[in-house]
Amino acid sequence: MSRKTSMPNDSDDNVNRLKKTISNAEAAEAAMEFADGKELAAIKEKNARRQESIESLQSEIKEENKSRINGYI
């Protein structure tokens, strides 16, 4: 059985993930214009989850920046 080793949290990774998530949400918003029914509902649900991820990543990035300023990173 292999164990997954944890990788250090890279703040640049979080910034890139944030940018990608925002980009995906914007693309999905544009796609909503052409969707209906179940597809539209699925896009809306996924974008709601994306919004939660965006807020979480923004918070994490702020905390990392605070830690960096205080000399913890």
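Below is a table of values for the structure above.
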read-out: Options Lys4, Lys44, Lys20, Lys66: the member that is modelled with pLDDT under 95 and in a helix (DSSP H, G or I); value: Lys66
read-out: Selection count, segment 20-43, where residues are touching a helix residue (DSSP H, G or I) at 6+ places or on another chain (Cβ under 9 Å) and under 23 Å from Ser56 (Cα atoms); value: 7
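The values are calculated or read from the model by the stated rules, or taken from the named source; none is laboratory data. What you see is a predicted model; the values in this text were computed from it and never measured. With ideal geometry, Cβ positions are generated from the backbone for all residues, glycine too; neighbour counts draw on all protein chains shown.
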